[in-house]
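First the structure, in the form of structure tokens, and then the observations on it.
Every read-out reported here was derived from the displayed coordinates using simple, explicitly stated rules and does not represent laboratory data. Predicted model, so just to flag it, every value in this text is computed and none were measured. Here the Cβ positions follow ideal geometry from the backbone for every residue, glycine too, while neighbour counts run over all protein chains shown.
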Amino acid sequence: MSMKNEAVKIFQKKKNGIIEKWIKSLIADDSLREDIISNEDIRSQSEELLSAFIDSLSDANIDGGHSKDFENVIDILSSISVNRARQGFSPRETAVYVFSLKEALLQTLSEEIADPTILYKQSMAISRILDNFGMATFETYIKGREEVILRQTDEITEISTPVISVWDGILALPIIGTLDSSRTQVVMENLLQAIVDTESTIAILDISGVPAVDSLVAQHLIKTVSATRLMGAECIISGIRPEIAQTIVHLGIDLSNIITKATLASALKTSFAMLSIEVNKKSKVKTISQ
């Protein structure tokens, strides 16, 4: 048996023992998330990955961790890593999965190879391959987390920019949080589409939930107002707090051609006046018991 071929033969022979060592290590780790993944799923994933690794490992590629022979193993690892990122596993928890396999493999080699020189060279070769697997796992984990973050950002943006029909012909769009370029685009698209769908003639932009207004935020608001007017609707900005008013004046931003109000209630009252709508408070009728 050649020195290179020794590890391959050992792993094929001791496959079941490696799985048991690996699973035992995973279950014993404090970071195991039993609330997310069951022991049965861990075993199933591990058996698939180990089988793919042993099938791919050969005398020709044992010294090359970047060999194309391991593409199937990398694909399985990538799928596991992305799924774990989506499930909420941390980077450490994901890395532990791969490096505990490395530990099980090296432990098996130390039990089966008596010659220190052969053991060292075989262990180094396996370590290089598993370290490459670890890097691939971490890279795909990051991509998976980025996908989750982008999706959550889109969902939060959509939730935080709802267009509300408060009256026939009157829309209100409460803006919560910072207003940047990408979010302004979402605000405008949602508002303009709502104007078309409801045939509204007045839109109220309420910025009570915007923490601060600088020149960039003001420009985004002006663009939204201009787009609204191009659709044939008038725009009112409400939620102008004293500190925001002072900032706008200090920055020299001209909002003189835009109707601004301190509160949403005041903006709604102005909208009623513009549409010649009169709202009367109904008096309560007292009944006299006999």
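Return the percentage of antiparallel bridges among DSSP beta bridges fully within the chain, rounded to the nearest 5 %. Each step should come with its number before you reach the end.
Values: 3 of 17 bridges.
Of all bridge pairs located within the chain, approximately 20 percent are antiparallel.
Of the listed values [x] 1.69; [y] 0.95; [z] 1.24, identify the label whose number matches Cα Rg over 2.2 N^0.38 Å calculated from this model.
Computing Cα Rg over 2.2 N^0.38 Å and matching it to [x] 1.69; [y] 0.95; [z] 1.24 gives [x].
Please list, ordered by chain and number, the residues whose modelled amide H lies under 5 Å from the amide H of ILE259; skip anything fewer than 5 residues away on the same chain.
ILE237
For the range 3-156, just the Cα atoms, rotate onto the principal axes and tell me the three extents in Å, largest first.
For the range 3-156, the Cα spread along each principal axis is 59, 31, 21 Å.
Which value, in debye to the nearest 20, describes the size of the charge dipole of the chain about its Cα centre when Lys and Arg Cβ atoms bear +1, Asp and Glu Cβ atoms bear -1, and nothing else is charged? Before the final figure, lay out the partial values.
On the way: 29 positive and 39 negative charges, 202 e Å.
Result for the chain is approximately 980 debye, rounded to the nearest 20.
Using the crude model of +1 on Lys and Arg Cβ and -1 on Asp and Glu Cβ, and no other charge, please compute the dipole size for the range 3-156 relative to its Cα centre, in debye to 20. Walk me through the numbers on the way to the answer.
On the way: 19 positive and 27 negative charges, 60 e Å.
For the range 3-156, the charge dipole is close to 280 debye.
Go ahead and estimate [θ] at 222 nm for the chain from helices alone: -39,500 (n - 2.57) per DSSP H run with n ≥ 4, summed, over the residue count, rounded to 500. Please report the intermediate quantities before stating the final value.
Numbers: 10 runs with 181 residues, N = 290.
After summing the helix terms and dividing by the residues of the chain, the value is -21000 deg cm²/dmol.
Compute and list, largest first, the equivalent-ellipsoid semi-axes of the range 158-207 from the alpha carbon gyration tensor, each √(5λ) rounded to a whole angstrom. Present the calculation step by step, with values, prior to reporting the outcome.
Working: eigenvalues 70, 25, 12 Å².
Equivalent ellipsoid semi-axes, largest first: 19, 11, 8 Å.
Just to confirm my numbers, what's the Cα centroid distance between the range 109-136 and the range 234-273 in Å?
A separation of 70 Å, based on Cα centres.
I need the phi-derived Karplus couplings for the range 231-241: 6.51 cos²θ - 1.76 cosθ + 1.60, θ = phi - 60°, integer Hz, Gly and Pro marked x.
Couplings: 8, x, 10, 8, 10, 10, 9, 10, x, 7, 7 Hz.
Please give me the summed charge of the neighbours of SER165: other residues whose Cβ is under 11 Å from its Cβ, Lys and Arg +1, Asp and Glu -1.
Values: positive: none; negative: ASP168, ASP197, GLU199.
My count for the surroundings of SER165 gives -3.
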